[in-house]
Amino acid sequence: MKILVTGGAGFIGSNFVRHILREHPGYKVINLDKLTYAGNLENLKEVEKNPNYTFVQGDILDGKLISTLLDGTHPAANNQPPTAIINFAAESHVDRSIEDPASFVKTNVLGTQVLLDCAKKGTVDRFIQVSTDEVYGSLGATGYFTEETPLAPNSPYSASKTGADLLVRAYHETFGFPSLITRCSNNYGPYHFPEKLIPLIITNALEGKPLPVYGDGQNVRDWLHVEDHCRAIDAVLHKGMTGEVYNIGGNNEWKNIDIVNLICDLLDERPKVLGQPQGTAPTRSLIKFVKDRPGHDRRYAIDSSKIKKELAWSPRYTFEEGLKETVDWYMSNREWWHRIKSGEYKEYYERNYLRR
Ligand code: NAD
Ligand code: DAU
């Protein structure tokens with residue numbers, strides 16, 4: 001199989017590219033990525049020399065480029081058009097969408113429409129839209145999002161992802177286009193960009209910086225290891241029914257403050273385990289409650305029974321082992337996040353956090 005992966009230099013996309021090349025050695029992958037602030041080719045060092053992997057820098061809004069990739073005439077396609085597309089490319093951070101909604105509409109809505117238009121002319125027999133549980137809005141203290149939960153997005157980010165989902169659905173209904181949608185909960189794991197909660201807390205703590213917790217810290221997210229998300233997309237690619245939506249989640253709900261406390265405790269314990277020098281003050285002393293995110297969704301919780309039952313998927317990681325591994329990864333890959341935190345990120349961080 002030859003797959004066009006978009007956004008493959010980001011957090012989940014790069015984990016997926018490594019997953020697919022490892023698990024399916026005969027498959028070929030073209031990774032189309034614009035390399036925005038969130039795209040990083042360092043994430044793919046492990047596969048850059050793999051003959052089955054090709055990188056193309058480009059925008060999903062560039063219909064001409066995409067058409068040449070899909071008809072095989074682009075040199076990267078080598079006269080062999082891809083038959084599957086997995087669309088990870090997106091602006092993905094809720095806080096940035098509050099600052100600049102337009103870039104989210106451009107990439108997430110218009111970009112998806114351009115991809116769909118190009119793909120429906122070609123030989124693609126599977127198009128997976130990588131979506132999010134945030135399209136369902138927010139839950140109260142009980143209940144779960146199912147695939148039938150009405151769409152009720154609350155942030156510009158989730159509204160733009162919902163717009164994309166509705167276009168994907170419409171192309172299936174109107175043109176019989178072979179699309180599928182996955183809606184996953186919060187991912188964590190290696191190569192997670194340090195603007196997001198878990199890597200931000202780990203890296204700030206390692207730098208002795210304040211650990212910002214929004215509002216009262218009682219908001220709940222359902223965390224899933226990124227490799228389990230990649231395995232779920234792999235299952236949808238091979239066994240999913242076109243026109244269907246599949247929810248993916250970890251059945252692993254955590255209040256933000258409890259996760260932050262857990263990371264602090266792991267960071268106090270890990271140097272002993274790894275034989276590294278240890279700080280003196282307990283890391284929890286760095287926690288700082290800051291102004292809440294506007295429109296902050298209170299609780300997400302996913303019902304994944306459909307993908308479990310129909311595609312025989314289930315998570316392999318326990319949160320305990322996954323989070324320990326993740327903390328260790330950030331402790332052993334300081335260069336990776338130091339480089340990120342000293343670039344454009346620094347200006348964003350100052351804009352977003354120093355005014356809170
Ligand atoms: P990310 O921000 O880490 O990566 C996004 C990637 O897309 C980057 O490599 C970026 O360069 C690329 N990109 C952005 N605009 C582009 C454009 N116009 N053309 C081509 N490439 C472009 O995001 P992520 O966390 O890896 O999320 C990947 C996808 O999964 C997104 O669609 C997101 O909505 C979805 N998702 C994320 C999570 C999560 O917890 N991170 C959960 C569920 C769904
Ligand atoms: O649910 C899936 C979504 O998860 C994906 O669609 C998004 O792309 C991804 O970014 C993520 O969105 P969240 O807004 O849930 O993730 P984030 O890591 O930004 O925040 C997680 C929780 O932590 C949320 O309740 C806000 C809170 N938070 C976040 C940051 C960055 C803090 O308390 N402090 C922070 O500094």
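Applying the criterion of being outside any loop (DSSP other than H, G, I, E, B) and within 15 Å of ligand 2 (Cβ to nearest atom) to the residues of the range 15-36, the residue that is nearest to residue 65 (Cα to Cα) is 16. Counted as qualifying within the range 82-195 are the strands (runs of 3 or more DSSP E) with 2 or more residues that are farther than 22 Å from residue 35 by Cβ and aliphatic (A, V, I, L, M), namely 179-184. For residue 98, the conditions (1) farther than 26 Å from residue 351 by Cα; (2) away from ligand 1 (no atom under 12 Å from the Cβ); (3) in contact (Cβ under 8 Å) with a residue 12 or more places away in the chain all hold with the exception of (1).
The rows are residues; the columns are (1) away from ligand 1 (no atom under 12 Å from the Cβ); (2) touching a Leu at 6+ places or on another chain (Cβ under 7 Å); (3) open to solvent by 10 Å² or more (accessible area, probe 1.4 Å); (4) not aliphatic (A, V, I, L, M).
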position	(1), (2), (3), (4)
141	yes, no, yes, no
167	yes, yes, yes, no
170	yes, no, yes, no
189	no, no, no, yes
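Of the residues making up the range 292-325, those that are under 18 Å from residue 196 (Cβ atoms) and touching a Lys or Arg at 6+ places or on another chain (Cβ under 7 Å) number 1.
The values are calculated or read from the model by the stated rules, or taken from the named source; none is laboratory data. All values reported here derive from a predicted model rather than from experimental measurement. As a convention, Cβ positions derive from the backbone with ideal geometry for all residues, glycine included, and neighbour counts pool all protein chains shown. For accessibility, only protein heavy atoms count, side chains too; no ligands or nucleic acids. Shrake-Rupley method; radii C 1.70, N 1.55, O 1.52, S 1.80 Å.
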